[in-house]
1. Through the Karplus equation 6.51 cos²θ - 1.76 cosθ + 1.60, θ set to phi - 60°, convert the phi angles of segment 101-117 into ³J(HN,Hα) values in whole Hz; use x for Gly and Pro.
2. Quick one: Karplus J couplings for segment 64-78, per residue in order, coefficients 6.51, -1.76, 1.60, θ = phi - 60°, nearest Hz, x for Gly and Pro?
3. When the Karplus curve 6.51 cos²θ - 1.76 cosθ + 1.60 is applied with θ = phi - 60°, which whole-Hz ³J(HN,Hα) does each residue of segment 118-132 get, with x for Gly and Pro?
4. Please report, as a whole percent, how much of the solvent-accessible surface of segment 61-116 comes from carbon and sulfur atoms (probe radius 1.4 Å).
5. Relative to the compact globular guide of 2.2 N^0.38 Å, what is the alpha carbon radius of gyration of segment 64-144, as a ratio?
6. Using a 1.4 Å probe, how large is the accessible area of K89, given in Å² and rounded to the nearest 10?
7. Under 5 Å between amide H atoms, partner at least 5 residues away or on a different chain: which partners does H65 have, H built in plane at 1.01 Å?
8. Which of the chymotrypsin sites (Phe, Trp or Tyr not before Pro) found in segment 60-167 are loop residues per DSSP with 11 or fewer other Cβ atoms within 10 Å of their Cβ?
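The values are calculated or read from the model by the stated rules, or taken from the named source; none is laboratory data. Note that the coordinates shown come from a computational prediction; the quantities given were computed from them, not determined experimentally. Reconstructed Cβ throughout: ideal geometry from the backbone, glycine too, with neighbour counts over all protein chains shown. Just the protein is used for accessible areas: all its heavy atoms, side chains included, with ligands, DNA and RNA removed. Shrake-Rupley method; radii C 1.70, N 1.55, O 1.52, S 1.80 Å.
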Amino acid sequence: MAVLLLLWLAALLASSSSASTPGFDYFVLALQWPGTVCRSSAAAGPCCSSNLCCRSDRIGWFTIHGLWPSYAHGNGPTCCNNSDFDMAKISNLTTELQKYWPSLYCSSPSLCSGGHGSLWAHEWEKHGTCSYPVIQDEYSYFSTTLHLYSSYNVTAMLASKISIGADDGGRYLHKHPSTARRHKAQSRMEATALSLA
């Protein structure tokens, strides 16, 4: 099963100029790690031309699965209008979409209008059409998603020397969290032993 990394984003983006209230509470920027998806795809069957898992050079970054309007209590609106996907409307985004929002599956996802289509068509019809009034149209849906993806570059964040907060207030460098936890636990045990003595 694909591992999705969910980033919670405010529903009212700064770029929104509409005074209308959206029919959702926030956006989820859903990302996936291609290695995990590709391993599960390989187990599900042979490669196909639309599946980027089958290319010879591995994808070494998180890819976009979608931008989903969501409710605070879970899930979100889907298939909000009959706006069919039109590739011509996003043709100048194709290079970026192929790199950062590729299809990692052989099967064609279902469309709101019936039938099956590309991953981009599925994401637009199921989620993009529900993004109004925050996101106005198909081009804005895809360009906004790409902008958010580059603004919150999870791959770069994880590759940098970040530290991870712990429940006990400690900080651990991401490179050796198990070692850091072991040392922290040992320090807590020593401190407990001293306080008992």
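1. For segment 101-117, the Karplus curve yields 9, x, 7, 10, 10, 8, 6, 8, x, 6, 10, 5, 7, x, x, 9, x Hz.
2. 7, 9, x, 10, 10, x, 9, 9, 4, 8, x, 6, x, x, 9
3. Per residue, the Karplus-derived 3J(HN,Hα) values read 6, 4, 5, 4, 4, 5, 5, 5, 7, 10, x, 5, 9, 7, 5 Hz.
4. 49 percent
5. Details: Rg = 12.2 Å, N = 81, 2.2 N^0.38 = 11.7 Å.
Working it through for segment 64-144, the quotient is 1.04.
6. The accessible area comes out at roughly 110 Å².
7. Amide H to amide H, under 5 Å and 5 or more residues apart or across chains, H65 pairs with A30, L31, Q32.
8. On the way: sites: W61, F62, Y71, F85, Y100, Y105, W120, W124, Y139, Y141, F142, Y149, Y152; in loops: W61, F62, Y71, F85, Y105, Y152.
Within segment 60-167, no chymotrypsin sites (Phe, Trp or Tyr not before Pro) qualify (loop, at most 11 other Cβ atoms within 10 Å).
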